[in-house]
Structure formats: C-alpha cells, structure tokens
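This report refers to the structure that appears directly beneath it.
The values are calculated or read from the model by the stated rules, or taken from the named source; none is laboratory data. Computed from a predicted structure; not experimentally measured. Cβ placement follows ideal geometry from the backbone for every residue including glycine, while neighbour counts extend to all protein chains displayed. Remember, those area values only see protein heavy atoms, side chains included, never the ligands or the DNA or RNA. Shrake-Rupley method; radii C 1.70, N 1.55, O 1.52, S 1.80 Å.
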Amino acid sequence: MAASTLGSAWGPLRLGVPGLCRRRPPRGLWARARRLSEPVASGRSVAAGSGLGASGTDRYCLELLRKRDYEGYLCSLLLPAESRSSAFALRAFNVELAQIKDSVSEKTIGLMRMQFWKKTVDDIYSDNPPHQPVAIELWKAVRRYNLTKRWLMKIIDEREKNLDDKAYRNIQELENYAENTQSSLLYLTLEILGIKDLHADHAASHIGKAQGIVTCLRATPYHGSRRRVFLPMDICMLHGVSQEDFLRKSQDRNVRDVVYDVASQAHLHLKHARSFHRSVPVKAFPAFLQTVALEDYLKKIQQVDFDLFHPSLQRKNTLLPLSLYIQSWRKRY
C-alpha cells in the first residue's frame, strides 16, 4: 500500500516549522504573522502594509496575487522591502499568463493573448511598455534590476505550448514544464535579490519542479470537473489507471498509487533542493519560502492516504502565514 511504504520511499517528512517547541520566536514575530493572516480591506491597505507605494498599478498586482496566488503573495511579503514590488510584478505576470488557458474558449484566442505578452516583453525592453498595470510594474522591475529577458520569454513560450490541453506523456514532460515556468520565475526572483550563485540556481531548479508537480496534483479535482486530466500518462499506465478513473474520483488503491508516485517525485525535488542548504547564500532563502506551502500539501496528502479528492486538501491553511514567518525567522527553506 502506498502509505505503508512512505517511510522507506520518502523518509520522515520535515515539517514547515521544525523544532518549534524547542525554541520560541520573538514576540514581535507572532504579532506580524497575525497581521499577515488578517483579511485585507482594500488594495490601498495592502500597499501600505507591504511598504509599497500606493500607485494604481501596485494595487492591481497586489490584489491579483491575493486573489489568484495567495501563497505567492504571502511569500513575496517576506522578501526585503526594497524587492517586494518587483517580486509582486513578476508573480502577477505569471498569474496573467496562467489564467489564459482557463479563460479562453478557443486555442486561437489563447495564442493571441500569448502573442500580446511576447510583444509586451519586447516593448518593456525597448522602454515602451503598454498601459497595462502588470506590464508597467514589470517594466519598473526590469529597469531596476536588469532582469534577464530569456527567463520571461521562456515562461510565455512554455505556457503557450501548454494551451494544447494534452496530458503529460511522462513525469519528465511535467518537470520540463515546471522548470521553464516555476523555476524561471525563481531565477528572476534571485536576480531581484542580487543573487548570482550556482548552488542557489540548482536549488531554484528543484523547488520550481516540485512546485509544478504539486500544482498539477492540486489542480486535478478542478480539471476533472472540466473533464480534463493532466497527470503523467506513463505513471497512470504503470498502475493500470485510466483518465476516466480520475474523472469519476475513484478511490481504488491503484489510483492512490499514481498519486503517491507523482507526490514522491515532488518530495524528492524538495529533498534535493535542501541538500544545497549549506552552500546557498542566506540572502537567497526568502526566494525559496514556498517550500513551506509545498511541504504542507505533501504532508496533508500523506495523511489522507493519497486520496487526491479528499475535502481537507481543498481547504486553505490558516496557519500558513505563521509557518512562513517562523521559517523566515529561522533562516531556512
């Protein structure tokens, strides 16, 4: 059974808040975490709380992330104050691209929107951004940190390929997609933090792949409701599972074994990323805080014996802001 072999395949899961009982964080940290977890009344209050300017483009990016990428929003708030607005711009850019696939009825329309963003990136590097909030904020980030254009274009190109609505043929295809999207986003975040380090790049590569795999798992119930399944076909075939099994939310052991194998790959990438911990500059750690949310999901899916459709997996973790603050304070990822 999948769960019974977890200890040998994964080893003990490191929780997002290791050693919490042994060492108490400063009192001010708890207060800040409570403030972070409180609902935000408006874009203006978000900007004020983040130490950002109150421009309309700032507020647009903040609100977009708070609604569409809440975990990324929380992680970006823990970056150094001078880097936050640029990090928000990067993540808002990623959200804009990610939304295209689910918001268009025809691939042709999706391709047109991708073409808009390709031209937008070209125009940004020509100092002529269009009057679009995310584009303006991204232009500011590019000007300030001289961000590498190649990573931005890779994200667009990969998401454009993904408009085809085809399942990944194997886990390597899913990892390649994650590398070109999530890892590219982390490479750009490292540039914002002024990090040029091979070990940090290696960690970012593995964390991005873990993020992509976990996102694929988390999105399966939503995609199933639209009669789509994107889990790697090679793993499904290995366990004799069809797409229809996922569409009807089968509880069979072989279905859970597919989920176990895919989740194990994400866990393995987190383990590899942490193997560079002593070599990665401490200044880079804030860019990698999303490992807290990834591990939280992997721990939850283990607890429900890899039932991908269990209701607990769809609930927001109200303690995530606190866990992120503690991990940030401990200077770990």
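Worth pointing out:
- Computed from backbone phi, the HN-Hα couplings of the stretch 99-113 come to 6, 4, 4, 8, 9, 10, 8, 10, 4, 4, 5, x, 5, 5, 5 Hz, rounded to whole numbers (Karplus: 6.51 cos²θ - 1.76 cosθ + 1.60, θ = phi - 60°; Gly and Pro given as x).
- Restriction of the GluC sites (Glu not before Pro) in the stretch 90-182 to DSSP coil positions whose beta-carbon has at most 14 other beta-carbons within 10 angstrom yields E106.
- Cα-Cα P(r), the stretch 82-193, percent of pairs per 10 Å interval: 14, 46, 31, 8, 0
- If you take all other residues with their beta carbon under 13 Å from the beta carbon of I124, and give Lys and Arg +1 and Asp and Glu -1, the sum is +2.
- Applying 1/(1 + (r/R0)^6) with r as the Cβ-Cβ distance of K316 and V104 and R0 = 30 angstrom yields a FRET efficiency of 0.65.
- Net charge contributed by nearby residues that have their C-beta within less than 9 Å of H269 (K/R +1, D/E -1): +1
- Listed pairs K140/K283; K149/K300; K149/K283; K209/K316; K67/K209 exceeding 30 Å between Cα atoms: K149/K300
- Solvent exposure, largest accessible area first (probe 1.4 Å, DNA, RNA and ligands not counted), of F288, F309: F309, F288
- Loop-located trypsin sites (Lys or Arg not before Pro) in the stretch 187-271 (DSSP state other than H, G, I, E, B) with a sparse environment of at most 15 neighbouring Cβ atoms within 10 Å: K196, R226, R227, R248, K249.
- Nearest-10 value in Å² for the accessible area of H199, using the 1.4 Å probe: 70
- Sites matching trypsin sites (Lys or Arg not before Pro) across the stretch 272-326 that sit in DSSP coil, with at most 10 neighbouring C-beta atoms within 10 Å: R278, R315, K316
- Solvent exposure of the stretch 48-191, expressed per residue, is 44 Å² of accessible area, with all protein chains present and a 1.4 angstrom probe.
- In this label model, R143 and H131 are separated by 1.7 nm, measuring between points 7 Å along each Cα→Cβ vector.
- Efficiency of FRET between K331 and K299 - r from beta-carbon atoms, R0 22 angstrom, step 0.05: 0.55
- Each label was represented as a point 7 Å from its Cα along the Cα-to-Cβ direction; for M153 and D307 these points are 4.9 nm apart.
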